[in-house]
Amino acid sequence: MVVVKLNNGDVMLYSPVQIRNEKGFKDWLENIGPVKWVVQGSSSHTLQAPKVIDTYPDAKYIFAKDAWEKLSCMTCWKMPKASPDYDYTDPTDLKKANKLLADEGVELFYVDGDVLASALIPIAHGTALECDVLYRFSSGKLYGEDTSVSRLFKWSMCTKPISANGYLPPYRFWFMDPSNDLTQMSVTKPAKDGSSAAKMANSLRTILAQPFDKAVGVHAGILSGQE
């Protein structure tokens with residue numbers, strides 16, 4: 001999770017985790033400012049979302065439609081809203097959200113063509129926020145490599161020949177390939193002509209061309225803008 005303090009003093013949460021208070025975490029967070037925005041950076045990161053929505057029911061939620069629909073199918077929890085306040089995969093909604101956040105130091109960029117994660121990358125006060133796009137650094141290291149879980153993920157998923165490029169897990173490629181049967185499990189499927197990959201590449205080039213000094217990745221930690 002990344003906590004962003006907006007120019008007006010409000011707080012935006014990016015890819016949030018459950019807000020617990022056993023150790024004073026909720027008090028610490030709300031001491032920064034009122035939580036008014038919750039941004040889901042990936043349609044795959046929804047495990048903690050119900051608890052966050054229950055904790056901050058009046059916040060504005062910026063989600064991918066697919067992620068919101070997935071939560072709506074839960075039988076053990078009732079979604080309080082029929083739809084997110086802003087579906088960032090919808091160009092009109094994304095434009096509306098960006099208009100509201102423009103004066104707060106935040107601009108949102110949807111990775112169009114990313115049919116697996118529907119990733120959203122905000123740039124907040126000169127820092128790019130990322131989830132499920134970056135897994136392994138250019139140096140070859142993986143964030144959290146000092147833990148056994150991360151090392152297992154690196155060697156089993158992000159290393160050649162298992163990974164096509166040695167940086168991304170193979171499922172990142174599988175779900176972009178319209179000829180792969182696994183895409184039938186996706187709500188959003190890749191274009192049959194393979195153009196989803198080109199769209200995603202162009203989206204990422206647009207984001208990388210933006211001015212930012214550093215980046216924070218959910219799976220990558222803090223990086224310099226150059227990295």
Exercise. Using only helices, what value at 222 nm comes out for the chain when you add -39,500 (n - 2.57) per DSSP H run of length 4 or more and divide by the total residues, to the nearest 500 deg cm²/dmol?
Worked result: -8000 deg cm²/dmol
Problem set entry | Cα centroid separation, region 180-227 to region 18-66 (Å) | 23
Exercise. At E107 and K70, where each label point lies 7 Å from the Cα along Cα→Cβ, what is the point-to-point distance in nanometres?
Worked result: 2.8
Exercise. About its Cα centre, what dipole magnitude does the chain give when the only charges are +1 on Lys and Arg Cβ and -1 on Asp and Glu Cβ, stated in debye to the nearest 20?
Worked result: 340
Exercise. Given the convex hull of the Cα atoms of the chain, what is a quarter of its surface area in nm²?
Worked result: 13.5
Exercise. Within the set K26/K51; K23/K214; K5/K95; K65/K189; K81/K189, which residue pairs have Cα atoms separated by over 19 Å?
Worked result: K23/K214; K5/K95; K81/K189
Seminar exercise, completed: For the chain, the per residue accessible area (1.4 Å probe, Å²) is 54
Problem set entry | Estimated FRET transfer efficiency (W77, L100; beta-carbon r; R0 41 Å; 0.05) | 0.90
Seminar exercise, completed: Judged on accessible area alone, 1.4 Å probe, highest first, V52, V187 line up as V187, V52
Seminar exercise, completed: A 1.4 Å probe over the protein heavy atoms gives the chain a carbon and sulfur accessible-area percentage of 55
Seminar exercise, completed: Under a 1.4 Å probe, counting only protein heavy atoms, H125 has an accessible area in Å², nearest 10, of 90
Exercise. By how many nm would the segment from S138 to A201 lengthen if fully extended, with 0.36 nm per residue of separation less the alpha-carbon distance?
Worked result: 20.9 nm
Problem set entry | Residues of region 1-36 with amide N under 15 Å of a point placed 7 Å along Cα→Cβ from L208 | none
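Probe radius 1.4 Å, ligands and nucleic acids left out: which of T188, T75 has the largest accessible area, and how do the rest follow?
Accessible-area ranking of T188, T75, largest first: T75, T188.
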For this session: List the aspartates and glutamates whose Cα lies under 16 Å from the Cα of K96, skipping any in the same chain that are fewer than 8 positions away.
Result: D85, D87, E104, E107
For this session: At most 12 other Cβ atoms within 10 Å plus a DSSP loop assignment makes a site exposed; report the longest stretch of the chain without any exposed trypsin sites (Lys or Arg not before Pro).
Result: 79-140
Exercise. Taking region 6-75, which GluC sites (Glu not before Pro) meet the DSSP loop condition and have no more than 14 other C-beta atoms within 10 Å?
Worked result: E22
Seminar exercise, completed: Here, chymotrypsin sites (Phe, Trp or Tyr not before Pro) of region 14-102 satisfying both criteria (DSSP loop; at most 16 other Cβ within 10 Å) are W77
Seminar exercise, completed: Mean separation of Cα contacts under 8 Å (at least 6 apart) over the residue count of region 1-94, i.e. the relative contact order in percent, is 22
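The values are calculated or read from the model by the stated rules, or taken from the named source; none is laboratory data. As the structure is a computational prediction, the values presented were derived from the model and not from experiment. Quick reminder, even Gly has a Cβ in these numbers, built from the backbone with ideal geometry, and neighbours come from all protein chains shown. These area figures cover heavy atoms from the full protein model, side chains too; ligands, DNA and RNA do not enter into them. Shrake-Rupley method; radii C 1.70, N 1.55, O 1.52, S 1.80 Å.
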